[in-house]
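Notes for the one structure printed next.
The values are calculated or read from the model by the stated rules, or taken from the named source; none is laboratory data. Predicted model, so just to flag it, every value in this text is computed and none were measured. Cβ sites come from the backbone with ideal geometry, for glycine too, and all protein chains shown count toward neighbours.
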Amino acid sequence: MQPRFVGDLLVTYRFARSFVGAAVLAALCSTPLLAQSSEKLRYPETRRGDTVDTYHGQAVADPYRWLESLDAPDVAEWVAKQNAVTQAFLAGVPEREQIKARLTKMWDYERFGMPYRRGERYFYSRNDGLQNQSVLFVADSLAAEPRELLDPNKLSKDGTIALSGLSITDDGRLLAYGLSEGGSDWVTYRVRDVATGKDHEDEIRWVKFSGAAWLKDGSGFFYSRYDEPKGNQLAAANYYHKLYFHKLGTPQSQDMLIYDRPDEKEWGFGASVTDDGRYLIINVWQGTERKNRVYYRDLLDPKGEVVKLLDGFDAQYSMIDNDGAIFWFETDLDAPRGRVIAIDTRKPERSAWKEIIPQSEQVLQGVSTVGGVFTATYLKDAHTQIRMFDLAGKPLREVALPGVGSAGGFGGKRSETETFYSYTSFAAPPTIYRYDMTTHNSTVFKQPKVEFDPSAYETTQVFVDAKDGTRVPMFLTHKRGMKLDGSNPVILYGYGGFNVSITPSFSVSNAMWMEMGGVYAVANIRGGGEYGKDWHNAGRLANKQNVFDDFIACAEWLIEHRYTTPARLAILGGSNGGLLVGACMVQRPDLFGAVLPAVGVMDMLRYTETTIGWAWKSDFGDPQDPKMFEVLKAYSPLHNLKPGTHYPATFITTGDHDDRVVPWHSFKFAAALQAAQAGPAPTLIRVEVRAGHGAGKPTAKQIEEAADRFAFLVRVFGMKLPNSASGMAAR
């Protein structure tokens, strides 16, 4: 059971899988199409205001502040005009329909989510290929015919209502499920009877950054929410999280307040109930800091008080399981790469804690106790290793994986003798395995069939020397036998923040890129979690410039080693990764041929002003702090654009319902970039309607956006699509 560090700027690898796609071609003209024409795009006129803010005695102009008024008619008009320019530009790419057709064909394959067992029932999701949202199924056994339990596609015509959370009672009788609309982080929970498929009358609104934690008897569940926002619900700041208990069959207005802190507006609460049903565990978080508090309450004592077990906010503590009064935790206390400890709640003083699994050379990512053993997931140079230990910490075995990739799962209860996990790599679609805890054998449960031959591709890992000498790993995936002659188109992806590890993962769009001769590169730069807390700390706060330096070094390595040239190098990142590519573009506009920032944080002086932005201060720093103001201002993409500069072709994407990174970040950056651009390269913005930060985006919208993004690259790089039997194989 992992703590929730909510509000992370996390599109993570889901973003890379969904959008990095379709590279549309390997055969490039020697001179980009736009460079052959002296005609510059005519952008909508964006008025400049006279807003000036003063930070620590420094005046900072903000001429596009008016674009922050998301509900204003003039902002809606500006968005419509920008979208019109973008769509007109893309309409000039006759290959777009071919790109979309190939994407659609490759995307149309059956895929499954990880099964999990509750009572005698198994639950898992399935998508037949092009469904906008995956459908939840239930079966009485693994061999039984599954039946549909919940289909989000039936809830909206455009597929923009998504399943954003679910929790099933221990006996498999009731399902609490959360729905979000248009990509928003706001979630509404309802309750469904698993046997009948009918909903109860219960409705829980204004839930955000919370799941549902059922009591053992299924009589109700714990959840956390904010008060109903005043003003724009997609932009208003979120403070004062509260933990409630909902009794089944009662209105939300009667829900019992379990815990809140009116004196701590930034604190948030995540609830879980131990498998034995004895304890309510309250994980207390504050922003995205990888530290937390842990409180608990004895559920057998009706008058029991909340006990503050870990209240120092000195490390990360993830509760794994309990054996009566003994709680097992994964922690980075005195162990930046993670370890497992035991705390006897009857003797909670630190001197009585016991170390069960010591820190290793690899980074501990998660632990479960399925089958009565500790199953630990580790990262070694950004790929997965699985090790098992007995409950005293004695090493037992390693689980053999098919190759260098990412594995996840291994959930379940101590009493269960089976578990499931998924394995994927850059060239292998996610395959789900059943693991027998008694025989220690893995067997394939579900394996997707994609029109793609993984054996034709190879993944290598290189280590790049960064500006300060740090070794930065980078994965490179491409066709076997590819020539290093400097002519290959490359997409370089990065994130670099919030302790998020970017590990190997398959995507249809990446497969399409490689199918046509492209190279897909992933830079595991500092700020992430690939090497533990120290790696994260080396890329946050005053060290944030290391993140950009690492990414730039990886780009230079690709050019130096003749994988590509600047004109054929595209950089991609979403959310915090959007900040990454925006900052690298303004620092090194000469190094890239195309820049693709998605839902990015572009105004580093005002990011704290909306929704959950204040929570990112632990990674970025507070602009109200004089020292951090200087750091932020030095790399903020919006504030470092220089008029008269030749910037690379830029395709900015955002969603009008993004309440994680509100879209005005992208609006203001696009306006400022268009004003500053002195060269012929286009600077476009695409604003998706009824779309948010990325989670829950319908398949149809993902395909359309990927087709637009790569139609953009086709035009600015002067690509030509060959015709072949496979649709888009490289010539």
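Descriptive notes on the structure:
- Unmet criterion (only one of (1) of a type outside the set (D, E, K, R); (2) crowded, with 22+ Cβ neighbours inside 10 Å; (3) touching a strand residue (DSSP E or B) at 6+ places or on another chain (Cβ under 8 Å); (4) in contact (Cβ under 8 Å) with a residue 24 or more places away in the chain) for residue 200: (2)
- Sub-8 Å Cβ pairs linking a first residue in the range 288-308 that is among the aromatic types (Phe, Trp, Tyr) to a second residue that is surrounded by fewer than 18 Cβ atoms within 10 Å (Cβ to Cβ), at least 6 apart or interchain, are 295/306; 295/307; 295/308; 295/311; 296/306; 296/307; 296/345, ordered by first then second residue.
- Residue in the range 522-531 that is nearest to residue 316 (Cα to Cα), counting only those that are under 18 Å from the mean Cα position of the chain (by Cα) and not β-branched (Val, Ile, Thr): 529
- Of the criteria (1) at pLDDT 90 or above; (2) under 21 Å from residue 606 (Cα atoms); (3) buried (at least 22 other Cβ atoms within 10 Å of the Cβ), which one residue 684 fails: (2)
- Consider the range 252-279 and keep the residues that are closer than 22 Å to residue 201 by Cβ and touching a strand residue (DSSP E or B) at 6+ places or on another chain (Cβ under 8 Å). The one that is surrounded by the most Cβ atoms within 10 Å (Cβ to Cβ) is 255.
- Checked against (1) surrounded by fewer than 22 Cβ atoms within 10 Å (Cβ to Cβ); (2) of a type in the set (Gly, Ala, Ser); (3) more than 25 Å from residue 276 (Cα to Cα); (4) touching a residue at least 24 places away in the same chain (Cβ under 8 Å), residue 249 passes all but condition (3).
- Residue 220 vs. criteria buried (at least 16 other Cβ atoms within 10 Å of the Cβ), free of Cβ contacts under 8 Å to residues at least 40 places away in the same chain and more than 28 Å from the chain's Cα centre (by Cα): yes
- Residue check, residue 472 touching a Cys at 6+ places or on another chain (Cβ under 7 Å) and in contact (Cβ under 8 Å) with a residue 24 or more places away in the chain: yes
- Taken together, the residues in the range 422-461 that are buried (at least 16 other Cβ atoms within 10 Å of the Cβ), over 18 Å from residue 142 (Cβ atoms) and of a type in the set (A, V, I, L, M) amount to 3.
- The residues in the range 530-547 that are out of contact with any Pro (no Cβ under 9 Å at 6 or more places or on another chain) and under 30 Å from residue 480 (Cα atoms) can be counted, and the count is 0.
- Residue in the range 504-539 that is nearest to residue 575 (Cα to Cα), counting only those that are surrounded by 23 or more Cβ atoms within 10 Å (Cβ to Cβ) and of a type in the set (D, E, K, R): 526
- Residues that are in a loop (DSSP other than H, G, I, E, B) and of a type in the set (A, V, I, L, M, F, W, C), drawn from the range 268-316: 299, 300, 306, 313, 315
- When residue 179 is tested against (1) under 26 Å from residue 244 (Cβ atoms); (2) touching a residue at least 40 places away in the same chain (Cβ under 8 Å), just one condition goes unmet, and that condition is (2).
- Residue count for the range 471-511 under the criterion of being hydrophobic (A, V, I, L, M, F, W, C), farther than 22 Å from residue 597 by Cβ and not in a helix (DSSP H, G or I): the result is 4.
- The listed residues are 531, 607, 563, and the only one of them that is of a type in the set (Ser, Thr, Tyr) and touching a helix residue (DSSP H, G or I) at 6+ places or on another chain (Cβ under 7 Å) turns out to be 607.
- Subset of the range 328-363 [among the basic types (Lys, Arg) and part of a loop (DSSP other than H, G, I, E, B)]: 337, 346, 347
- Residue check for residue 710: at pLDDT 90 or above and of a type in the set (Phe, Trp, Tyr): no
- Test for residue 272: is it more than 30 Å from residue 655 (Cβ to Cβ), under 27 Å from the mean Cα position of the chain (by Cα), of a type in the set (Gly, Ala, Ser) and at pLDDT 95 or above: yes
- If the condition is being under 16 Å from residue 603 (Cα atoms) and out of contact with any Leu (no Cβ under 9 Å at 6 or more places or on another chain), then the range 546-583 contributes 580, 583.
- Looking only at the range 455-470, residues that are among the hydrophobic types (A, V, I, L, M, F, W, C) and part of a loop (DSSP other than H, G, I, E, B) come to 1 in all.
- Conditions (1) touching an Asp or Glu at 6+ places or on another chain (Cβ under 6 Å); (2) hydrophobic (A, V, I, L, M, F, W, C); (3) not in a loop (DSSP other than H, G, I, E, B); number of the one not met by residue 514: (1)
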